[in-house]
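Report on the following structure.
Computed from the coordinates by the stated procedures, all read-outs in this text should not be read as laboratory data. Since we're looking at a predicted model, the values are computed, not measured. Counting neighbours? That spans all protein chains shown, and the Cβs are built from the backbone with ideal geometry, glycine included.
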Amino acid sequence: MAKKAKGFGVNDYVKKKSKKRKGQHSKRPNKSYTKKKSRGQGKPIWKNVEVKNMARTRVRPKRRRENPIKTSVKSGNFRPTKKGAGMTRKGVMAYRRANPKSKLQTAVTEKNPKGKRAARRKSYCARSAGQMKMFPKAARDPNSRLRQARRRWRCR
């Protein structure tokens, strides 16, 4: 019985792809002749490897039906700029229905929030302060959505 060289196995061989012409089904041979890449062990070796069950089935992921929420103020999902911009409770609920794993919440508007709500406000105010630096034109305009939203969140 011939000795098997170290590192040579079925996984070391690459399956040959058969070209498919337009209007024809692909015909796959019972045997696939492939070339083993040499790993510094001399010449590449040609082997006859029998490939079993060559039927390829392509499993496509199910497409999620896109149901984006309406982004107009008229739809009731978003608050007008004069009233503090941002999403309404109805808008947040609609978004969470469309995106089941979402953790979106409404603005923290109370005067003295406690615990996690206080941390959310602090985080939002810090992020929106960065937006004020990035967009000085919006920062100067008291009627911009950024300034109105910061007022609604009671950022100082």
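Kindly provide the Kirkwood hydrodynamic radius of segment 83-156 in Å, to one decimal, from all pairs of distinct alpha carbon atoms.
13.3 Å
Fully extended, how many nm does the chain gain between Thr81 and Asn112 (0.36 nm per residue separation, minus their Cα-Cα distance)?
The Thr81-Asn112 span can extend by a further 8.8 nm.
Under the rule of at least 5 residues apart or a separate chain, name every residue whose amide H is placed under 5 Å from the amide H of Phe78.
Close amide H contacts, sequence-distant or interchain: Thr88.
Neighbour counts of other C-beta atoms within 10 Å: give me Met93, Met134, Met87 arranged from fewest to most.
Ordered from fewest to most neighbouring Cβ atoms within 10 Å, Met93, Met134, Met87 come out as Met134, Met93, Met87.
Using 1/(1 + (r/R0)^6) with R0 = 25 angstrom and r between the beta carbons of Arg145 and Ser123, what's the FRET efficiency to the nearest 0.05?
0.85
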